[in-house]
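Engineer: Pasting a structure here, questions to come.
The values are calculated or read from the model by the stated rules, or taken from the named source; none is laboratory data. Note that this is a predicted model, so its numbers are computed, not measured. Cβ placement follows ideal geometry from the backbone for every residue including glycine, while neighbour counts extend to all protein chains displayed.
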Amino acid sequence: MLLLLVVVVVSGLRKKATGEQIAEAEYALQAKPRIVSVEQVRASKELPSHGYPGKIRASEEAELSFRVSGPLISVNVELGRPVKKGDLLMQIDPRDFEDRIVSLEAQLSGAQAVYENARQDYERAKKLFDAKVIPPADFDHATRAQESASAGVKNLKAQLQIARHSLADTELRAPYDGQVTAQRAENFEMVQAGQVVLSYHNIQWLEVDVNIPESDMARRQLEPGSPAYIRFSAMPDTLHDVSLLEWRTEADALTRTYVVTFRFKAPEGIKVLPGMSADILWAEDSADTVQLTVPVSALSSTPEGRSFVWVYNEQTQEGEVRLVKTGRLKGNSRISILEGLKEGELVVVTGSRLIHVGEKLSVTTP
């Protein structure tokens with residue numbers, strides 16, 4: 001009897017109502033929660049439409065050379081191979097420098113013996129002079145002899161220290177972690193002090209210089225570490241974070257642009273090398289670079305024309321009306337939310353126009 005009554009009621013509703021009214025009447029006779037789709041509110045990057053082109057370069061670059069001259073006897077270089085700080089890259093034949101050290105050590109031993117004799121002579125002369133046994137001229141002679149012997153020892157010690165430094169300089173070691181980019185001398189060649197033999201750089205950190213017009217430069221808040229994004233020409237769909245490193249305060253006389261440098265860590269899993277081209281996407285206000293967006297389908301309007309969305313409450317399993325302030329459209333399907341929502345909240349994106357306050361909801365994700 002009850003089933004027959006339900007059928008009669010539904011049939012009567014179908015005769016008097018159409019569209020959403022029929023759906024609402026049928027749904028009201030069911031005990032199940034309304035099924036709606038929800039989406040978690042997330043922040044999206046608000047990127048400027050214009051990029052500033054530039055070339056990527058290594059953050060550390062060096063032209064390496066020896067401080068001494070001589071023939072190469074060892075070259076441990078593979079272009080592009082990672083090198084650790086302190087690794088031996090090249091070596092000059094050390095024999096002449098080792099022989100120089102042996103010679104100076106022998107001279108130093110002799111000079112120290114001369115100094116010891118002069119010191120003893122001075123001590124004896126001082127006692128005799130104090131006792132007024134010898135004249136002042138003999139004491140002055142002993143004093144000068146000791147001072148001369150002491151100076152000879154100091155001179156040889158200094159030469160010996162220089163010789164040891166020169167011996168150490170026969171080894172060319174990596175100044176920091178990096179890679180050799182060019183080899184300019186071959187093994188067994190005679191190289192001169194100061195001659196560039198290797199080009200070296202570190203690409204763990206990279207930099208890019210861009211030219212900013214004076215009209216754009218005037219609107220920037222120049223603070224070291226300010227965020228921006230880089231888009232590689234070889235990978236136009238990939239964005240990575242960069243930070244402002246430094247900038248010139250004098251414009252180029254011809255172009256009237258300012259050179260601004262950004263720095264970033266080499267991204268993992270992507271081969272980014274010096275010389276590659278890229279665009280810097282730099283928003284005028286870093287506070288506007290991240291915004292919350294929702295699908296346009298999530299929006300509804302009050303009779304007064306104010307925009308609102310339904311926020312799903314996981315504890316009550318019901319929808320809550322939330323007035324929002326909207327911004328610009330993002331493409332054809334999304335819109336930015338300036339006020340009213342927080343990142344992480346669940347917003348109803350389909351079926352929102354059928355929800356009533358206090359109605360139980362069953363949620364799915366699109």
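Engineer: Taking the stretch 180-214 as the search range and keeping residues that are under 22 Å from the mean Cα position of the chain (by Cα) and among the charged types (D, E, K, R), which one is farthest from residue 91 (Cα to Cα)?
Structural biologist: Of the residues in the stretch 180-214, the ones under 22 Å from the mean Cα position of the chain (by Cα) are 180-181, 200-212.
Now drop any that are not among the charged types (D, E, K, R), which leaves 207, 209.
Details: 207: 32, 209: 36 Å.
Filtering the stretch 180-214 for residues that are under 22 Å from the mean Cα position of the chain (by Cα) and among the charged types (D, E, K, R), the one farthest from residue 91 (Cα to Cα) comes out as 209.
Engineer: Still on this structure: Just name the residue that is surrounded by the most Cβ atoms within 10 Å (Cβ to Cβ) out of those in the stretch 324-335 that are in contact with a Ser or Thr (Cβ under 7 Å, 6 or more places away or on another chain) and under 19 Å from residue 305 (Cβ atoms). Full working, then the answer.
Structural biologist: First, pick out the residues of the stretch 324-335 that are in contact with a Ser or Thr (Cβ under 7 Å, 6 or more places away or on another chain): 324, 326-328, 330, 334-335.
Cutting the leftovers down to under 19 Å from residue 305 (Cβ atoms) gives us 324, 326-328, 335.
Details: 324: 21, 326: 17, 327: 16, 328: 11, 335: 19.
Ranking the candidates gives 324 first.
Engineer: Right, next: Quick one: in the stretch 233-255, which of the residues that are β-branched (Val, Ile, Thr) and not in a loop (DSSP other than H, G, I, E, B) is modelled with the highest pLDDT? Lay out the reasoning, then the answer.
Structural biologist: Taking the stretch 233-255 first, the residues β-branched (Val, Ile, Thr) are 238, 242, 249, 255.
From the residues that got through so far, the ones that are not in a loop (DSSP other than H, G, I, E, B) too are 238, 242.
Details: 238: 78, 242: 93.
Once the filter is applied, the top-ranked residue is 242.
Engineer: Please name all residue pairs, on different chains or six or more residues apart, with Cβ atoms under 6 Å, provided the first residue is in the stretch 209-220 and is within 27 Å of residue 275 (Cβ to Cβ) and of a type in the set (D, E, K, R) and the second residue is modelled with pLDDT of 85 or more and in a strand (DSSP E or B).
Structural biologist: Within 6 Å, the pairs are 209/54; 209/259; 209/261.
Engineer: Determine whether the stretch 341-348 contains at least one residue that is in contact with a Phe, Trp or Tyr (Cβ under 9 Å, 6 or more places away or on another chain), at negative phi, part of a loop (DSSP other than H, G, I, E, B) and modelled with pLDDT of 85 or more.
Structural biologist: Keep residues of the stretch 341-348 that are in contact with a Phe, Trp or Tyr (Cβ under 9 Å, 6 or more places away or on another chain), which gives 345-348.
This time we only want the ones that are at negative phi, so: 345-348.
Next, from what is left, pick out any that are part of a loop (DSSP other than H, G, I, E, B): 345.
Those left that are additionally modelled with pLDDT of 85 or more: 345.
Yes, the stretch 341-348 contains a residue that is in contact with a Phe, Trp or Tyr (Cβ under 9 Å, 6 or more places away or on another chain), at negative phi, part of a loop (DSSP other than H, G, I, E, B) and modelled with pLDDT of 85 or more.
Engineer: Check the stretch 232-240 and report whether any residue there is surrounded by 12 or more Cβ atoms within 10 Å (Cβ to Cβ) and on the phi > 0 side of the Ramachandran plot.
Structural biologist: No, the stretch 232-240 contains no residue that is surrounded by 12 or more Cβ atoms within 10 Å (Cβ to Cβ) and on the phi > 0 side of the Ramachandran plot.
Engineer: Restricting to the stretch 181-200, name every residue that is surrounded by fewer than 20 Cβ atoms within 10 Å (Cβ to Cβ) and more than 25 Å from residue 96 (Cβ to Cβ).
Structural biologist: Passing the criteria: 181, 182, 199.
Engineer: Let me ask something else. List every residue pair whose Cβ atoms lie under 9 Å apart, where the two residues are 6 or more positions apart in sequence or sit on different chains, the first residue falls within the stretch 52-81 and is within 14 Å of residue 200 (Cβ to Cβ), and the second residue, located anywhere, is of a type in the set (Ser, Thr, Tyr) and surrounded by fewer than 16 Cβ atoms within 10 Å (Cβ to Cβ).
Structural biologist: Close Cβ pairs satisfying both conditions: 60/176; 62/176.
Engineer: Okay, next question. I'd like to know if the stretch 109-121 contains one or more residues that are basic (Lys, Arg) and more than 21 Å from residue 65 (Cβ to Cβ).
Structural biologist: Within the stretch 109-121, the subset basic (Lys, Arg) is 119.
With more than 21 Å from residue 65 (Cβ to Cβ) added as a condition, the list becomes 119.
Yes, the stretch 109-121 contains a residue that is basic (Lys, Arg) and more than 21 Å from residue 65 (Cβ to Cβ).
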